[in-house]
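The values are calculated or read from the model by the stated rules, or taken from the named source; none is laboratory data. Being a predicted model, the structure only gives us computed values, none of them experimental. Note that each Cβ is placed from the backbone with ideal geometry, even for glycine, and that neighbours are counted across all protein chains shown.
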Amino acid sequence: MSNALLEVDSLHVEVDDKPILKGLGIAVQAGEVHAVMGPNGAGKSTLANVLAGRPGYAVTSGAMIFDGVDLADRLPEERALLGLFLAFQYPVEIPGLSNMEFLKAAIDARAKHAGLDEPSAADFIKRAREAAGRVGLSADFLRRGVNEGFSGGEKKRNEILQMLLLQPRLAVLDETDSGLDIDALQVVAAGINAFRSANNAVLLVTHYQRLLNYVVPDRVHVLADGRIVRSGDHTLAEQLEQKGYGWLAS
Ligand SMILES: Nc1ncnc2c1ncn2[C@@H]1O[C@H](COP(=O)(O)OP(=O)(O)O)[C@@H](O)[C@H]1O
Ligand SMILES: [Mg+2]
């Protein structure tokens, strides 16, 4: 038995009866940042989505154990309450629901689940403004609809804002670096580094090495054709940058 915060074992996942993940294993301890890299279509987002419990992803065998809990039986909202957070590769717009209301509802739900008092409105607004400032979003973004009319970079910053406010145990960040200019990339990296602690863990799903210049991972895994074909330390990412993925045929 391991005491990993996240343990994924021999995971097989199908989408529309098509096998996508084919025996994927990964173990992440509290305090660690792991990067999952790999070519387009390898199954990286499938891993992120199946961890979060997105409908349509059928686990046909294997296990996902999060903080001792088997995720298979848990609804997405239960997983979130347990402290699992997914930053989407393509964050959705929710017109009509203000970012502020959305964040407050999420924070209140987690507080309630943990048997804690909900933060007061004033306290919450202070924290939300602080988090917005950290990711370089003005307070206006808290009043607007969730991601409504946000640019690509603003959406990614907003995902990090959610993470900083919600303080999950495990943050799965799906290509949060993609499409960012260098300034936004550094802001996102600083947010992740500020979030890192001995009590939480981060799974950084990324196609490119450049984020890993700013967020140095403890482990790097290469996902190809539905399984991890190579794992190593942060220097593996540099090798991939130079050589691409082809030399690691699965
Ligand atoms: N909802 C879906 N419907 C059909 N096929 C899907 C779906 N999600 C993923 N796939 C397929 O699964 C494979 C892996 O996709 P994905 O996990 O998005 O890869 P990556 O994030 O590594 O680029 C691709 O062939 C993709 O077309
Ligand atoms: Mg993807």
Please go through (1) at pLDDT below 95; (2) over 24 Å from A132 (Cα atoms); (3) more than 16 Å from ligand 1 (Cβ to nearest atom) for P39 and return the number of the only condition it doesn't satisfy. (3)
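Please verify whether G115 is surrounded by fewer than 19 Cβ atoms within 10 Å (Cβ to Cβ), modelled with pLDDT of 95 or more and in a loop (DSSP other than H, G, I, E, B), treating the condition exactly as stated.
Working: surrounded by fewer than 19 Cβ atoms within 10 Å (Cβ to Cβ): yes; modelled with pLDDT of 95 or more: yes; in a loop (DSSP other than H, G, I, E, B): yes.
It is true that G115 is surrounded by fewer than 19 Cβ atoms within 10 Å (Cβ to Cβ), modelled with pLDDT of 95 or more and in a loop (DSSP other than H, G, I, E, B).
Scan the stretch 42-60 and tell me whether some residue there is in contact with a Ser or Thr (Cβ under 6 Å, 6 or more places away or on another chain) and within 16 Å of ligand 1 (Cβ to nearest atom).
Scanning the stretch 42-60 turns up no residue that is in contact with a Ser or Thr (Cβ under 6 Å, 6 or more places away or on another chain) and within 16 Å of ligand 1 (Cβ to nearest atom).
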Condition broken by L84, with the remaining ones in (1) touching a residue at least 60 places away in the same chain (Cβ under 8 Å); (2) within 16 Å of ligand 2 (Cβ to nearest atom) satisfied: (2)
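If you take the residues of the stretch 25-38 that are in a loop (DSSP other than H, G, I, E, B) and crowded, with 17+ Cβ neighbours inside 10 Å, which of them is nearest to ligand 2 (Cβ to nearest atom)? Before you say what the answer is, go through the steps one by one.
Narrowing the stretch 25-38 to residues in a loop (DSSP other than H, G, I, E, B): 29-32, 38.
If we keep only those that are crowded, with 17+ Cβ neighbours inside 10 Å as well, we get 32, 38.
Values: E32: 22, G38: 9 Å.
Top of the filtered list is G38.
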From the list G62, G96, pick out the single residue that is on the phi > 0 side of the Ramachandran plot, surrounded by 16 or more Cβ atoms within 10 Å (Cβ to Cβ), touching a residue at least 40 places away in the same chain (Cβ under 8 Å) and assigned to a strand (DSSP E or B). G62
Taking the stated definitions as given, is D233 of a type in the set (D, E, K, R) and touching a residue at least 40 places away in the same chain (Cβ under 8 Å)? no
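Could you say whether any residue in the stretch 164-183 is outside any strand (DSSP E or B) and farther than 30 Å from G96 by Cα? Steps first, please.
Narrowing the stretch 164-183 to residues outside any strand (DSSP E or B): 164-169, 175-183.
Filter again for farther than 30 Å from G96 by Cα, leaving 182.
Looking through the stretch 164-183, at least one residue is outside any strand (DSSP E or B) and farther than 30 Å from G96 by Cα.
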With (1) surrounded by 15 or more Cβ atoms within 10 Å (Cβ to Cβ); (2) within 16 Å of ligand 1 (Cβ to nearest atom) as the list, and R110 as the residue in question, which single condition is left unmet? (2)
With (1) over 30 Å from R110 (Cα atoms); (2) at pLDDT 95 or above; (3) small (G, A, S); (4) out of contact with any Leu (no Cβ under 9 Å at 6 or more places or on another chain) as the list, and G179 as the residue in question, which single condition is left unmet? (2)
